[in-house]
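The values are calculated or read from the model by the stated rules, or taken from the named source; none is laboratory data. Keep in mind that what you see is a predicted model, and the values were worked out from it rather than measured. Cβ: placed from backbone, ideal geometry, glycine included. Neighbour counts: every protein chain shown.
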2 protein chains.
Amino acid sequence: MKIGIDMMGGDFAPLEAIKGIQHYVEEGNAHLVLIGDEDKITPLLSEYNIPGERYTVVHAPQVIGMHEHPTRALKEKQQSSIAVGFHLLASGKMDAFISAGNTGAMLVGSLYSLKPIEGVLRPTISTIIPKENGSTGLLLDVGLNSDCKPEQLNQFAVMGTVYAQQILGIDNPRVALLNIGEEEGKGNLLAQATYPLLKENKHINFIGNVEGRDVLIDKADIIVCDGFSGNIILKLAESLFEITGRKEIHHEYFDRFNFENYGGTPVLGISKPVIIGHGISKGKAFKNMIVVAQKMIEKDVMEKLHTELIN
Amino acid sequence: MKIGIDMMGGDFAPLEAIKGIQHYVEEGNAHLVLIGDEDKITPLLSEYNIPGERYTVVHAPQVIGMHEHPTRALKEKQQSSIAVGFHLLASGKMDAFISAGNTGAMLVGSLYSLKPIEGVLRPTISTIIPKENGSTGLLLDVGLNSDCKPEQLNQFAVMGTVYAQQILGIDNPRVALLNIGEEEGKGNLLAQATYPLLKENKHINFIGNVEGRDVLIDKADIIVCDGFSGNIILKLAESLFEITGRKEIHHEYFDRFNFENYGGTPVLGISKPVIIGHGISKGKAFKNMIVVAQKMIEKDVMEKLHTELIN
């Protein structure tokens, strides 16, 4: 099993990626393909005593900056760590790809270098939501699909279910539809049309609508929504961590809004595992991302998604 | 000036309404029309020493419960405080109507008993958002219009501006569009189509897009969005007050998420002031609602909305 890592992605590259790798190699067994500027990576690999047999370095002299235009950057910087990573992944030279770099470029690469899983209308990205009672839930889509059709939301529910079962370890995850009322028939046209699809869907454990007030409590394990609403919630939740930090409101609950803890989000619905980390990812987040990629390969999440979606 | 109050609306009716009236009559000068069950109201009016010349009681023997179906309840309970209130308002026997009762019934009454202001495509409701720096902002729509057209959002921006200027005392309020990216052209189809309208709108001070992370910081005074997104944010914000309360996270910032403090939201775009309070409204909230209604009448907010929207 070969897992590729963009060593140049994120605010603290490549140092924090190296730290994550150091933690990972102690317990994980995948071979790591380290993509980036060799001159910057090699000294750190020695310094942090990463065993040579555990990795291969692939030199990529260019870097796509965090604020570059995704499509343009990917096209113009063919020798960037992200472009090289997708090339290696698409050509089968590695089995998964991880980056904390330019999110847009990672999404563009995922959508255009890789094939969607057969039967998938649109891939999706999710976020972990820390719940009041200490558990976590999954919210999706969080921005890849700003306009959605009911059939897409219905697929997000299935993909979220497989991910929650296989990777988050939730046996029979409760799926809810984000809405502005509890009863069937409430909401905007999208929610009204999605509800009956979810209700009839045999691949999920649908529990009905949830409202904004239910997002942070343990009512559902998976909340399905369009990428516009989901992205608003995700960024609002991220801002809570920052605001409470600035106001020095110290509480374990708000610490859990530190999205660095959760180790990135996979792009669900594409043929190979791609994990996108937060720009602020540190060592722990990188390690978690590698672990998620390993699990996705081991449990063959892609094949399970395929099976659930086409039957 | 006559302001009508639904004495039977809210979780603590009619006692907390009476307490609000007691505070109001000390500083406000409107004549109050108290609508509800005479037998319940009259003893409290004596007990709280409300001067007889400041109010008129209108007996309404029925009550619409908080969970009744709005349209059905309004139709079947013609003698309810809400139905009687809208009848008095529509027939010109009073100048404004306030209730902390069934929100749905208040909205249905507003939309179907009263005329929209000439030129208004759809009335809207807003919420106050407490900002990190101590200021407050306005978010609209928060649920009256779950599917919106760009022209409606453009009008919400104007209505929010008039309200912020006249009632919240913000001179030249900064208007932003809720979106999932900062640049023009980002977002879902609605946001993409709304941006140019806001940019060209001479009646507002448009500052561009804001994201979920900006909702709680002081980047814009008014954030415009569809009622689905707005309602999700409103209810999520309300839940923060509840969660921090349950977790005993005491901080002035989260105290400000107690929506009881803000005294209800007007239905903007209809011909007369209607203020809808939270079901949990207590005395302070009732008093604030009466004050808002008085200001809306005094400053002739309806006429100003009309002028801004048709020019």
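Rundown of residues vs (1) within 10 Å of another protein chain (Cβ to nearest Cβ); (2) not charged (D, E, K, R), yes/no style:
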site	(1), (2)
A:138	no, yes
A:141	no, no
A:145	yes, yes
A:159	no, yes
A:167	no, yes
A:177	no, yes
A:180	yes, yes
A:205	no, yes
A:211	yes, no
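Would the range B:294-305 turn up any residue that is more than 14 Å from chain A (Cβ to nearest Cβ), farther than 17 Å from residue B:99 by Cα, without any contact (Cβ under 8 Å) to a residue 12 or more places away in the chain and out of contact with any helix residue (DSSP H, G or I) (no Cβ under 8 Å at 6 or more places or on another chain)? Yes, there is a match, as at least one residue in the range B:294-305 is more than 14 Å from chain A (Cβ to nearest Cβ), farther than 17 Å from residue B:99 by Cα, without any contact (Cβ under 8 Å) to a residue 12 or more places away in the chain and out of contact with any helix residue (DSSP H, G or I) (no Cβ under 8 Å at 6 or more places or on another chain).
Just to be sure I understand, how many residues within the range B:216-228 are facing chain A (nearest Cβ under 10 Å) and either charged (D, E, K, R) or in contact with a Phe, Trp or Tyr (Cβ under 7 Å, 6 or more places away or on another chain) (or both)?
Just the residues of the range B:216-228 that are facing chain A (nearest Cβ under 10 Å), to begin with: B:216-217, B:225-228.
Checking which are either charged (D, E, K, R) or in contact with a Phe, Trp or Tyr (Cβ under 7 Å, 6 or more places away or on another chain) (or both) leaves us with B:226.
Here the count works out to 1.
Residues that are in contact with a helix residue (DSSP H, G or I) (Cβ under 6 Å, 6 or more places away or on another chain) and either surrounded by fewer than 20 Cβ atoms within 10 Å (Cβ to Cβ) or more than 23 Å from residue A:288 (Cα to Cα) (or both) within the range A:81-94 comprise just one, A:90.
Considering only residues that are modelled with pLDDT under 95 and over 14 Å from the mean Cα position of the chain (by Cα), which ones fall in the range B:248-273? Within the range B:248-273, B:248, B:249, B:250, B:251, B:252, B:253, B:254, B:255, B:256, B:257, B:258 qualify.
Residues of the range A:280-288 include at least one that is under 14 Å from the mean Cα position of the chain (by Cα), modelled with pLDDT under 95 and not in a helix (DSSP H, G or I).
Residues that are of a type in the set (Ser, Thr, Tyr), part of a helix (DSSP H, G or I) and in the same structural domain as residue B:17 (by TED's automatic domain parsing) do not occur anywhere in the range B:90-101. Counting only helices (runs of 4 or more DSSP H) that fall entirely inside the range A:172-268 and contain at least 1 residues that are closer than 25 Å to residue A:280 by Cβ and among the small types (Gly, Ala, Ser), the qualifying elements are A:227-246.
One line per residue, one yes/no per condition, for (1) under 15 Å from residue A:98 (Cβ atoms); (2) touching a strand residue (DSSP E or B) at 6+ places or on another chain (Cβ under 7 Å); (3) in contact (Cβ under 8 Å) with a residue 24 or more places away in the chain:
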| site | (1), (2), (3) |
| --- | --- |
| A:2 | yes, yes, yes |
| A:12 | yes, no, yes |
| A:32 | yes, yes, yes |
| A:42 | no, yes, no |
| A:65 | no, no, yes |
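Tell me yes or no: at least one residue of the range B:260-276 is within 13 Å of chain A (Cβ to nearest Cβ) and closer than 30 Å to residue B:191 by Cβ. Within the range B:260-276, none of the residues are within 13 Å of chain A (Cβ to nearest Cβ) and closer than 30 Å to residue B:191 by Cβ. Of all the numbered requirements in (1) modelled with pLDDT of 95 or more; (2) over 26 Å from residue A:6 (Cβ atoms), residue A:138 misses one, and that requirement is (2).
Within the range A:166-217, the residues that satisfy the criterion of being under 23 Å from the mean Cα position of the chain (by Cα) and free of Cβ contacts under 8 Å to residues at least 12 places away in the same chain are A:169, A:171. Within the range B:57-66, how many residues are in a strand (DSSP E or B) and in contact with a Lys or Arg (Cβ under 8 Å, 6 or more places away or on another chain)? Final tally of qualifying residues: 1. Applying the condition of being in contact with a Gly (Cβ under 9 Å, 6 or more places away or on another chain) and β-branched (Val, Ile, Thr) to the range A:182-216 and asking which residue is farthest from residue A:158 (Cα to Cα) yields A:215.
When residues in the range A:232-259 are screened for being facing chain B (nearest Cβ under 7 Å) and buried (at least 18 other Cβ atoms within 10 Å of the Cβ), 10 of them pass.
Annotation: residue A:55 fulfils all but one of (1) under 30 Å from residue B:183 (Cβ atoms); (2) aromatic (Phe, Trp, Tyr); (3) without any contact (Cβ under 8 Å) to a residue 40 or more places away in the chain; the unmet one is (1). The listed residues are A:131, A:93, A:75, A:115, and the only one of them that is over 25 Å from residue A:30 (Cβ atoms), in contact (Cβ under 8 Å) with a residue 24 or more places away in the chain and among the charged types (D, E, K, R) turns out to be A:131.
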